[in-house]
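*Asks:* Handing you a structure now.
The values are calculated or read from the model by the stated rules, or taken from the named source; none is laboratory data. Being a predicted model, the structure only gives us computed values, none of them experimental. Here the Cβ positions follow ideal geometry from the backbone for every residue, glycine too, while neighbour counts run over all protein chains shown. Ligands, DNA and RNA are stripped out before the accessible areas are found, and what is left, the full protein with its side chains, is counted by its heavy atoms. Shrake-Rupley method; radii C 1.70, N 1.55, O 1.52, S 1.80 Å.
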Amino acid sequence: MDKQSPNSGSSNPRYQASSSTNPDSVTGILERITFHNEDTGYTVGRLAVEDARDLVTIVGSMSNPAVGEMIVCEGRWSAHREYGRQFQIDRYATTRPASLFAIEKYLGSGLIRGVGPVMARRMVAQFQLETLDIIDQDPKKLLRVEGIGPRRVEMIQKAWHEQREIRNVMLFLQEKGVSATYAIKIYKKYGDQSITTVETNPYRLAEDIWGIGFKTADKIARQIGVPEDSAQRLEAGLLHTLSEATDFGHMYLPEPILMRQASEILGVSMDLLKQALDRMTSDDRIKMELIPPVSDEGEEVVAAFHPALYFTEVGLANQIIRRIRSEEVPADLFSQSSVEDWLERDAATAQSPLSEEQRLAVVGALTNRLFVLTGGPGTGKTFTANTIVRAFESQHRRLLLASPTGRAAKRLSEVTGREAVTIHRLLKFDPKTREFQYNEENKLPCDVLIADEVSMLDTVLALNLLKAVPEGAQIVFVGDADQLPSVGAGNVLRDLLASSAVPFTCLSRVFRQAEKSLIVRNAHKIRVGEMPALVPPAERSGNNCLFIEAEEPADGSATSAEVAARQAVKLARKTLPALGFATDDVQVLSPSHRGAVGVGMLNELLQDALNPSNPRTAATELVRGSRRFRPGDRVIQLVNDYEKAVFNGDVGVIKDIRPVDQEIHVRFPDADVIYDFADYDQLQLAYAMSVHKSQGSEYRAVVLIMHSTHYMMLQRNLFYTGLTRARDLCLIVGDRKAIYRAVKNERAGRRYTRLADRIRNK
C-alpha cells in the first residue's frame, strides 16, 4: 500500500478484524509523533480512532509522518512488556478524512493555519461532510461560520493551497528520503518552483536550506538519476568538502586533504576529482594558493579556498595592515605624554591603582589605532578596560561597545556601566538587502570601538566590523586567547597575537582578591596543564569550585554517565535553588551533544524537572519527533536568521505556542520573535548547552559535565572555557580520568588559516 494524497480515496473501516490470511487494519488521525528517526523511518505515534476511548499506539516505518494526517495502517496487534498494546505497521497510506469525526480532527490538528479545534468543530457543524470541499472550492462560504471573517478566510485559503502544494512536493520527495519538515522548508524557499528546482539542481538544497546537508541532497540527486561521476556531483562534492571544513574552523584545506576527504564522501577516484578541481580552479570557483615552507626542511602546501573565504581573509588582513601601518595620525590620538598626564590625574581619584602590566595596556590602547588586550581570569582585564573607557571619555570621544553575542554584550554593559550591543545589531543587518547597513560606504558614528570576547570573533564577522569602523577611529579588542576559538571559521584573536605585528598586552598577574577564588586558581592551573584542585562538596566552606564524582552503583543498575546526568538534574532542581540560586542563574554545560550526559539527553531530563508538562499547557506543546517544546522553556538559537534579526547563540524563553497559527513566540532580551512551526529546528532547549555555545557568557552557577564518555571532546581549552563561565560557583560532575585527559590534551585541533602570515609578511 503506497502513501497517497489526503485528497484521494476514502476511509477504511475503523477497526477491521483480520482473518487467518489478512492483516489487521486501523484508521485514524495521527495526533502525536512520539519518536521518528529520519534515517531509518522508525516511528512511534499516537492515533486518534473514532469511537475509541484512548489513543492507539502505532509503531513501524513511516517515511514522512505529519501530525494531523488521516492514515490507514495495515499490520498486527502486539503487547509490549512495558508500553502495553501497540499496532505494528507493515504498510500504511494517507487518505482523505471521510467521517465527521475524522474531518474535525484533521482540521483541528493545526495542520491548516488559522483553524484550531474550536473553529474546526464549528466548520464541521456548519458544513458536515462537505467541509473539505467548501474549503477547497468555495472558501467564501466559510464566512457563515461564527468567528470567521474575511481575513481568516484568506488565511485558511492560503494555508489550504500551501498544504496541497506541500503535499505535492512531499509526494515527490518521499521516495528520495526527505522528511515532511524539509519538504515544507523546500516549498517555503522555492514555492511552486520546488520540484523544478530539485530536479534541475538538487545540490542547491544543501546551500539554501538550513538542516538539509549534502548527503540528503546527494541522495535525492542519485534518486532522480544524476550519475555518480557527473560533473555536477563532483563539483558540488568539492564545494561541500570545503564548506564542511568551516564547521571545524578552517579557512582552507590543503589540496591533498581536500581530495582525500572529497573522495571518501563521493566514493569516486582521485583522478576524476582532480579533473573537477582543475575545472573549478580555472574559472575561480575554487581559489588555490601556494603556501611557502615554514623552514628549509619544510614543503610547499597548495591551499584550496572557497573564493568567498579567500577574499574575506585577504580583506581582513588588508584592513588590519592599513590600520597598524598608516602614517596618518588622527588629530585626537593620545600622545605618550598626554597619557601619562591623564594616568596621574586618574590615579588621584581611582579606588585601586593600576599594576605595571595594566598601565602598559592602557598606554597601548590609547596610543595605537588597533590594540589587543588579553589575559586570563583574575588578571584585571575588566578593570583595565574600564580605565581605557574613562580615558577616552575624558577626551569626549564617541565610544561604541560591542560583543559577538547577546549575553556577552549584556555582561559588557554591566561591568562598564555603558550601553553595549551585539556586533550584528551594531552593524544593523537589513533583511531586504541581506547586507549590513553600516559598511565601507556608511561608517559607524564613532571615534573608538571597544569589542569584548573577541576569541569568539570569526573571520567573516571581523571583516564586516572593521570595514564599518571609520579609518581615523581607534579599535581595542579585548579577549582571552586561551578560551575556545570562534564557532565560525578562522582564529582571529590568536592570529592577531601570532602575527607579532599587532600591538598587544597580555595580563598575567593574578590579583590577591581573585586568588581567593578556587575557580580562578583552578583556571590558571588548567591553562598551564596542571591538575585542578578537586574539592568534594563536604569541604565547600570557602571554596567556590567543587567536584562531584559520578560513580557507578555496585549493583550495576546505572552507568556512571547516567549517574552524572541524574546528579546534574538534582543540582539544578534542588541543590542550587536551596543555596539561593534562581533557575536563570544556573547553567548546565557539557562538552558534547550526544550520549547520556550530552546536551540532548540533559535537556530532556532538565525540561521534565524544571518545566514539566501540565494539563493547562499540554494542548500547546509542540512535538516534532523526539523534540518537545513547552511555554516557559529556555531555548537557544542555533543559526543566524537575519530576517528575524536573531543570531546563533541568542538565548530566550518560549512565551507562547499557537497551534492554530502554527507559531512559536520566543522572548529574547532585545526583542520578541515569531517562528513558523517549520522553523522549529532553529531552536534547541537551553537548560543544558555545549561549552562552545556558552562562550562569552557568565552565569552565577555552572554545572560542568566532565565525563570520559566525551573522550574525543576533552581538551584543555574546552575545560578552561567551561570553568570560567562560572562567576560564583562551579560544580564539576564526572570522573577524574576525564579531567586528567582534558588537562593534558593541549592539542586543540589545528585550524587552517593564513591571517597571521598575511599580516606578518606584508
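*Asks:* Ranked from highest to lowest mean number of other Cβ atoms within 10 Å per residue, what is the order of the peptides 134-145, 231-242?
*Replies:* Numbers: 134-145: 15.1, 231-242: 20.8.
Descending packing order for the listed peptides: 231-242, 134-145.
*Asks:* Over the stretch 625-743, consider all pairs of different Cα atoms and compute the Kirkwood hydrodynamic radius from their mean reciprocal separation; express it in Å, one decimal.
*Replies:* One decimal place: 15.9 Å for the Kirkwood radius.
*Asks:* List the relative contact order of the stretch 566-707 as a percent without decimals, with contacts defined as Cα pairs under 8 Å and 6+ residues apart.
*Replies:* Result for the stretch 566-707 is 31 percent.
*Asks:* Sticking with this one: Round to a whole number: what % of the accessible area of the stretch 636-762 belongs to carbon and sulfur, probe 1.4 Å?
*Replies:* Its accessible area is 46 percent carbon and sulfur atoms.
*Asks:* How much of the accessible area of the stretch 351-476, probe 1.4 Å, is carbon plus sulfur, in whole percent?
*Replies:* The value for the stretch 351-476 is 48 percent carbon and sulfur by accessible area.
*Asks:* How large is the accessible surface per residue of the chain, computed with a 1.4 Å probe and reported in Å² as a whole number?
*Replies:* Counting only protein heavy atoms, the per-residue value for the chain is 46 Å².
*Asks:* Normalising by the residue count of the stretch 494-641, find the relative contact order in percent from Cα pairs under 8 Å and 6+ residues apart. Please list the in-between numbers first.
*Replies:* Values: 101 pairs, mean separation 14.9, N = 148.
The value is 10 percent.
*Asks:* Here's another thing I want to ask about it. Going from most exposed to least, what order do 324, 388 have by accessible area with a 1.4 Å probe?
*Replies:* Numbers: 324 45, 388 0 Å².
Ranking 324, 388 by accessible area, largest first, yields 324, 388.
*Asks:* In percent, how large is the relative contact order of the chain, given Cα pairs closer than 8 Å and 6 or more residues apart?
*Replies:* Value for the chain: 10 percent.
*Asks:* Oh, and also: I'd like the distance separating the alpha-carbon centroids of the stretch 642-690 and the stretch 187-266, in whole Å.
*Replies:* The two parts, judged by their Cα centres, are 28 Å apart.
*Asks:* Follow-up. Can you pull out the chymotrypsin sites (Phe, Trp or Tyr not before Pro) in the stretch 34-111 that DSSP calls coil and that have at most 14 other Cβ atoms within 10 Å?
*Replies:* Taking the stretch 34-111 and a limit of 14 other Cβ atoms within 10 Å, the loop chymotrypsin sites (Phe, Trp or Tyr not before Pro) found are 83.
*Asks:* Can you match volume of the Cα convex hull per residue in Å³ to one of these, (1) 247; (2) 182; (3) 206, based on a calculation from the structure here?
*Replies:* (3)
*Asks:* I've got another one for you. Run lengths n ≥ 4 of DSSP H only: what is the helix-derived mean residue ellipticity at 222 nm for the chain, with -39500 (n - 2.57) per run over all residues, to the nearest 500?
*Replies:* Counting only the DSSP helices, I get -11000 deg cm²/dmol.
*Asks:* If you keep only loop residues by DSSP, which GluC sites (Glu not before Pro) in the stretch 111-161 have at most 16 other Cβ atoms within 10 Å of their Cβ? Intermediate results must be reported in sequence, preceding the final value.
*Replies:* Values: sites: 130, 146, 154; in loops: 146.
Hits after loop and neighbour filter: 146.
*Asks:* Right, next: Roughly how many debye, to the nearest 20, is the charge dipole of the chain about its Cα centre, given +1 on each Lys and Arg Cβ, -1 on each Asp and Glu Cβ, and no other charges?
*Replies:* For the chain, the charge dipole is close to 1540 debye.
*Asks:* Something else: Rank by packing, highest mean first: peptides 662-673, 364-375, with packing defined as the count of other Cβ atoms within 10 Å averaged across residues.
*Replies:* The most tightly packed comes first, giving 364-375, 662-673.
*Asks:* I'd like to know which of 245, 191, 209 lies farthest towards the positive end of the charge dipole of the stretch 122-267, counting +1 on Cβ of Lys and Arg and -1 on Cβ of Asp and Glu.
*Replies:* Ranked along the dipole, the leading option is 191.
*Asks:* For the peptides 645-651, 584-590, what is the packing order when you average, over each peptide's residues, the other Cβ atoms within 10 Å and list the highest mean first?
*Replies:* Sorting 645-651, 584-590 by mean packing, highest first, produces 584-590, 645-651.
*Asks:* Right, something else. Taking all protein chains as present, what is the carbon and sulfur share of the accessible area of the stretch 488-530, in % to the nearest whole number, probe 1.4 Å?
*Replies:* Here carbon and sulfur together make up 48 percent of the probe-accessible area.
*Asks:* Here's another thing I want to ask about it. Which of the trypsin sites (Lys or Arg not before Pro) across the stretch 384-448 are loop residues per DSSP, with 10 or fewer other Cβ within 10 Å?
*Replies:* 432, 434
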